[in-house]
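> This is the structure I have questions about; it appears just below.
The values are calculated or read from the model by the stated rules, or taken from the named source; none is laboratory data. Because the structure is a prediction, the values reported are computed rather than measured. Here Cβ is always computed from backbone atoms with ideal geometry, including for glycine, and neighbour counts include all displayed protein chains. These accessible areas exclude ligands, DNA and RNA; they are computed on the full protein's heavy atoms, side chains included. Shrake-Rupley method; radii C 1.70, N 1.55, O 1.52, S 1.80 Å.
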Amino acid sequence: MQSKLEKVKKVRDYPIGVFDSGIGGISVLAELISEMPNESFVYFADSANAPYGEKTTEEVKRLSMAAANFLVDCGIKALVVACNTATSVAVNELRNKWEMTIVGMEPALKPAVEANKNGKIIVMATPVTIKEEKFSELVNKFRDSAEIIKLPCPGLALLIEKIDSVGVNHEQEIEHYLKRVFEGISFNDNDAIVLGCTHYIFIKDNITRIIDKDVSLFDGNNGTVMQLDRLINGNRVMKKKNADEKSAVIVEMIDSCKFIEKKENSEKILLNSLAKLNFRGRINFI
Ligand code: DGL
C-alpha cells in the first residue's frame, strides 16, 4: 500500500495541464512558467475546433470536457482552463467531475475598477463569454462603481489565430477590425479596457495604437497564475521554487490540429512570450 506522503510526493512530479481553443492560452502558459519554473507543463490547443467563442454553450461545454479529459489522461496534477469562454461555460462541470485543482480565467474587471475610479471600462470578450450568466454576475458586482461597456468581438480570436511566431503578421486586418468594433465608443484618457479573452493579449500593441489615448489594459493572467500558485502550494503538490535553476522547464505542446507547423509555431510563440517577460531559463520541448 502507498502512504499518503508517498502519493503526494509522486503527484508533485506530475505536470500542470493547460488548455485553450488555440494560441490564446500560450500567454497564460508563459506567465505560469516564469512564476513556477520548476514545474513541467503540458499545453493542449484545440485549434481544430477554434473558435470556441462563437459556438453554442453545449458545444463549448462538450469540447471543454473533452480537452480536460485528454489532459487528465496525460497524468496532470492540476488543470488551468486558459480560456475565458471555456471557463464561463464549463468550469463548474469540470470541478464536479474531477477533484484535482482546477483554475479558470475571469475578465479582470475587479483590478480595472479599482485602478480606474473615474473612467469607463470596456470589456472585450467573445460573444459566448459576454452572454453567459457568470459574466453578468461579475458585471453586476461592479455596475455601481463604474460605467461598464460590454464589447463582444466575434471573429477576432480567429484573426489572432493567424499570428506567426514572431508576432502579428497581418496587422492591417486586425487594426481594421479594431477600428470597426470601437466605432461609436469615445475613448478618453483614464478609460480602461479589460481583455476578456486570452487571445487578445497578443494584440495589446494594436489596441493601444488604434485608440491613441492613455487607456490602461487589464488581463486576467496574473490573477490566474497567483490562484494556481496558492492552491497547489496549499495542497503540497507544488515543486520547490528555484530549487535547481539550471534545469530546463519541460513543456509539451499538443494541438488537436495535427499539422507539425502548428506545434512548431506554438513553441515559437511561447518562446517569444517568455522573452517579453524577461524569462531567462531554458525550455525543453518534448
Ligand atoms: N481564448 C479564448 C478565450 O479566452 C477563446 C477564443 C475562441 O476560441 O473564441 O475566451
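> In degrees, nearest 10, range 0 to 90: what is the angle between the Cα axis of helix 57-73 and the longest Cα principal axis of the chain?
That helix lies at roughly 30 degrees to the long axis.
> Using amide H atoms built in the peptide plane, which far-off residues or other-chain residues are under 5 Å from Asp255 H to H?
Ala45
> Any idea of the accessible area per residue across the chain, 1.4 Å probe, to the nearest Å²?
That works out to 49 Å² for each residue.
> Additional query: Skipping prolines and chain starts, which residues have an amide H placed within reach, meaning under 5 Å, of the one on Asn116, given they are 5 or more residues away or on another chain?
Here nothing satisfies the definition.
> Say a paramagnetic label sat at a point 7 Å from the Cα of Phe142, along Cα to Cβ; which residues of the range 180-220 have their backbone N under 13 Å from it?
In the range 180-220, the label zone of Phe142 (backbone N under 13 Å from the point 7 Å along Cα→Cβ) covers 191-197, 216-220.
> Let me ask something additional. How much length is gained if the chain between Lys239 and Lys204 is pulled fully straight, taking 0.36 nm per residue apart and subtracting their Cα-Cα distance, in nm to one decimal?
Working: separation 35, 0.36 × 35 = 12.60 nm, distance 3.23 nm.
So the chain would gain 9.4 nm between Lys239 and Lys204.
> List the residues whose amide H sits under 5 Å from the amide H of Ile250, counting only those 5 or more places along or on another chain, with H placed 1.01 Å from N in the peptide plane.
Here Phe41, Asn284 satisfy the definition.
> Note down the accessible area of Thr56, probe 1.4 Å, to the nearest 10 Å².
Around 80 Å² of this residue is reachable by solvent.
> While we're on this one: Two decimals, Cα atoms only, Kirkwood Rh: what is Rg/Rh over the range 197-286?
1.02
> Can I ask one more? Quick check: the angle from helix 26-35's long axis to the longest principal axis of the chain, C-alpha only, nearest 10 degrees?
Helix 26-35 sits roughly 60 degrees off the main axis of the chain.
> In Å³ and rounded to a whole number, note down the convex hull volume per residue for the Cα atoms of the chain.
133
> Once the piece of chain linking Lys268 and His176 is laid out straight, how much longer is it, given 0.36 nm per residue of separation minus the C-alpha distance between them?
Going from the current span to full extension adds 30.5 nm.
> Give, in nm to one decimal, the length gained when the segment between Glu133 and Asn38 is fully stretched (0.36 nm per residue of separation minus the Cα-Cα distance).
The span from Glu133 to Asn38 would gain 30.5 nm if fully extended.
> When DSSP assigns beta bridges and you keep just the ones with both residues in the chain, what percent turn out antiparallel, to the nearest 5? Intermediate results must be reported in sequence, preceding the final value.
Details: 1 of 34 bridges.
Antiparallel bridges: around 5 percent, rounded to the nearest 5.
> Using the beta-carbon distance between Asn278 and Asp189 and R0 = 30 Å, what value does 1/(1 + (r/R0)^6) give for FRET efficiency, to the nearest 0.05?
0.60
> Right, next: Per residue of the chain, what 222 nm ellipticity follows from adding -39500 (n - 2.57) for every DSSP H run with n ≥ 4, rounded to the nearest 500?
Mean residue ellipticity at 222 nm (helix-derived): -13500 deg cm²/dmol.
> Using the Cα centre as the reference, give the magnitude of the dipole from point charges on the C-beta atoms of the range 90-152 (Lys, Arg: +1; Asp, Glu: -1; all else neutral), rounded to the nearest 20 debye.
Working: 10 positive and 9 negative charges, 31 e Å.
For the range 90-152, the charge dipole is close to 140 debye.
> Just add up the charged neighbours of Lys263: K/R +1, D/E -1, any other residue whose Cβ is under 13 Å from the Cβ of Lys263.
Result for the local shell: -2.
> Hey, any idea what Rg/Rh is for the range 39-109, computing Rh the Kirkwood way over Cα pairs?
Details: Rg = 11.7 Å, Rh = 12.4 Å.
My calculation puts Rg/Rh at 0.94.
> Here is the link list: Lys204/Lys239; Lys97/Lys162; Lys77/Lys268; Lys97/Lys131; Lys131/Lys263. Which ones come out longer than 27 Å on Cα distance?
Those over the limit are Lys204/Lys239; Lys97/Lys162; Lys131/Lys263.
> Same structure, new question: From the phi of every residue in the range 207-212, what ³J(HN,Hα) in whole Hz does the Karplus formula 6.51 cos²θ - 1.76 cosθ + 1.60 yield, where θ is phi - 60° and glycine or proline is x?
5, 4, 5, 5, 6, 6
> Now a separate question. What accessible surface, in Å², does a 1.4 Å probe find on Cys74, ignoring ligands, DNA and RNA and rounding to the nearest 10?
60
> At Leu231 and Leu5, where each label point lies 7 Å from the Cα along Cα→Cβ, what is the point-to-point distance in nanometres?
The answer from the label model is 2.7 nm.
> If I build a Gaussian network model for the chain, linking alpha-carbon pairs within less than 10 angstrom, which residue out of Gly184, Gly196, Gly220 has the largest mean-square fluctuation?
Looking only at Gly184, Gly196, Gly220, the largest GNM fluctuation is found for Gly184.
> Here is a follow-up. Taking the Cα atoms of the range 243-286, report the difference between the largest and smallest coordinate on each principal axis, in whole Å and largest first.
In descending order, the Cα extents are 35, 21, 11 Å.
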